[in-house]
């Protein structure tokens, strides 16, 4: 089966610094693939390259066999590749429900003029968005806070809301940038279950960048490891756990390792 | 809820179309017609500025478009013999198109940088009208005729203003009507999906583009609607004063348009309307204290903004009670 997303020899230079160096991997439909690596390994840069928030210096990103690297970010989103952000990025002064409704933008059939004039198509759209938002709210268990202002929410809920915004765009693949950062163990485990449910119930392929190794090991089908911008390993959680190169990248060379 | 809004609208319409003219007639202060006409027209330009605030841009350049719109109308009337009513939409459209070309590069800027560029824009427009032959430099374009009548298929829509007993009343009706249309459009924009997208843009442009919003398109679209309002206001002013000069709209006017929005409240569609009314009358009322006018006026503005950062309308906002 053809992979859903292909990263081919992608390189990003910032002046003399090579942030991402000749990285290639595939994401298969329906899997959860994590990209891990020590700080400064180029994970977030790689994410920005895939979602086209940055332009590649070299190499290509293909989605369903078509090149998506270096297109406008909103065009990439339109194709079905949607990212969430490392910082809890939401629309602060909207309620949770409004956040989700506005994020249905890609699915609107009516034109902006149609919405202005309140055409039949536009009203149908509004109705559909509202229903879909309620479905997402139900799926993610946000019922109790649906009408809260987003700026009043605690971290854990914000993360879920970020995901809800991503889901509202009805993506084929969702890129989660450090979804577990700053969450406690319980919140993380709840979110892990949630992401797995998303994949199963909404058939969304998930690509995530993360620091939290236990969470990654639990959630991922496969893992890609970056270090200093290069891919040093790729495989199942078991394979990665036992890969000497990975252990070295995380703990320094063996003689420097001071227990795990 | 909807009935309540309709009732308010009806009340407002009765007030501006019937009660105000009646009050003016009783008091005999016919000069109020001119004052209120000005307020109505300035509030249209302010409505445009408010819309650019709504996408998170501080616009201090509305004077440029008011000036451009005014000149377009004046030139079309004086040199090509157009009917004023035809030039009005043309002036608006001209500004809208012009703002697309200006907006494409400058709308990439944010915050104070965008504000600075727009501030310069007013001055650039003034200097342009000074320099171009068609605008006749500092002499300006004067002795324009009063708006003539408008007929469509023999149906008389608007009477010839020169045949009116008191053209001031005519101008008042025109300005109020334009203002009501402008705010109806604004209200509809804000409460339709377009407005929701503008808000998404205002709060987080990166996230907006990651949910698939074409941010450049939306910014330019909003800016051109804003400039359309500016052009309409400028052209209408020309009709009233029957003249236009490069100094008709200056940096100070641009700043006032922005202040109107601040004062009324950036979160309220009708904020700029109230803000314009208060600023205009506030300034005039303080005229009586002579040389301290500016001092008191600016102090009052500072105090208002300190204590009501969300605008005067936030006083009436029952939702935000804590």
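The values are calculated or read from the model by the stated rules, or taken from the named source; none is laboratory data. Given the structure is predicted, the values throughout are model-derived calculations rather than measurements. All Cβ positions, glycine included, derive from the backbone under ideal geometry; neighbour counts span all protein chains shown.
Annotations
- Unique residue being in contact (Cβ under 8 Å) with a residue 60 or more places away in the chain and farther than 30 Å from residue A:93 by Cα when the list is B:287, B:249, B:270, B:257: B:249
- Odd one out for residue A:70, checked against (1) assigned to a strand (DSSP E or B); (2) away from chain B (no Cβ under 14 Å): (1)
- Just one residue in the set A:40, A:80, A:59 is more than 14 Å from every other protein chain (Cβ to nearest Cβ) and either closer than 19 Å to residue B:211 by Cβ or surrounded by fewer than 16 Cβ atoms within 10 Å (Cβ to Cβ) (or both); that residue is A:40.
- Residue check for residue B:100: surrounded by fewer than 21 Cβ atoms within 10 Å (Cβ to Cβ), in a helix (DSSP H, G or I) and touching a residue at least 12 places away in the same chain (Cβ under 8 Å): yes
- Residue within the range B:204-220 that is within 25 Å of residue B:275 (Cα to Cα), part of a helix (DSSP H, G or I), within 9 Å of chain A (Cβ to nearest Cβ) and at pLDDT below 95 present: no
- Tally of residues being in a helix (DSSP H, G or I), more than 14 Å from chain B (Cβ to nearest Cβ) and crowded, with 19+ Cβ neighbours inside 10 Å across the range A:138-157: 3
- Within the range A:162-200, tally of residues that are under 14 Å from residue A:104 (Cα atoms), more than 11 Å from chain B (Cβ to nearest Cβ) and more than 13 Å from the chain's Cα centre (by Cα): 0
- Residue list for the range B:86-95, restricted to those being within 15 Å of residue B:221 (Cβ to Cβ) and crowded, with 23+ Cβ neighbours inside 10 Å: B:92, B:95
- Evaluating residue A:99 against the criteria (1) facing chain B (nearest Cβ under 8 Å); (2) in a helix (DSSP H, G or I) leaves one unmet condition, (1).
- Hey, residue A:240 in a helix (DSSP H, G or I), buried (at least 17 other Cβ atoms within 10 Å of the Cβ) and modelled with pLDDT of 85 or more or not: yes
- From the list B:229, B:262, the lone residue that is in a helix (DSSP H, G or I), more than 14 Å from every other protein chain (Cβ to nearest Cβ) and closer than 30 Å to residue A:111 by Cα is B:229.
- Verdict on residue B:278 being part of a helix (DSSP H, G or I), crowded, with 24+ Cβ neighbours inside 10 Å and in contact (Cβ under 8 Å) with a residue 12 or more places away in the chain: no
- Any hit, the range A:25-32, residues being on the phi < 0 side of the Ramachandran plot, under 18 Å from the mean Cα position of the chain (by Cα), part of a strand (DSSP E or B) and free of Cβ contacts under 8 Å to residues at least 40 places away in the same chain: yes
- Subset of the range A:86-96 that is surrounded by 24 or more Cβ atoms within 10 Å (Cβ to Cβ) and facing chain B (nearest Cβ under 9 Å) - its residue that is farthest from residue B:267 (Cα to Cα): A:90
Condition check ((1) more than 9 Å from chain B (Cβ to nearest Cβ); (2) over 17 Å from residue A:53 (Cβ atoms)) across all residues:
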{"position": "A:76", "(1), (2)": "no, no"}
{"position": "A:111", "(1), (2)": "yes, yes"}
{"position": "A:118", "(1), (2)": "no, yes"}
{"position": "A:129", "(1), (2)": "no, yes"}
{"position": "A:134", "(1), (2)": "yes, yes"}
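- Residues of the range A:164-190 classified as crowded, with 21+ Cβ neighbours inside 10 Å and assigned to a helix (DSSP H, G or I), total: 6
- Scanning the range B:174-200 for residues that are more than 8 Å from chain A (Cβ to nearest Cβ) and either surrounded by 23 or more Cβ atoms within 10 Å (Cβ to Cβ) or not in a helix (DSSP H, G or I) (or both) returns B:174, B:175, B:179, B:182, B:186, B:191, B:198.
- Within the range B:149-170, being closer than 25 Å to residue B:20 by Cα and assigned to a strand (DSSP E or B) holds for B:157, B:158.
- Here residue B:267 qualifies as under 30 Å from residue A:163 (Cα atoms), surrounded by fewer than 20 Cβ atoms within 10 Å (Cβ to Cβ) and within 14 Å of chain A (Cβ to nearest Cβ).
- From A:177, A:200, A:186, A:212, residue being assigned by the TED database to the domain that holds residue A:239 and touching a residue at least 60 places away in the same chain (Cβ under 8 Å): A:177
- Filtering B:81, B:48, B:70, B:56 for residues that are touching a helix residue (DSSP H, G or I) at 6+ places or on another chain (Cβ under 6 Å) and closer than 24 Å to residue B:136 by Cα leaves a single hit, B:70.
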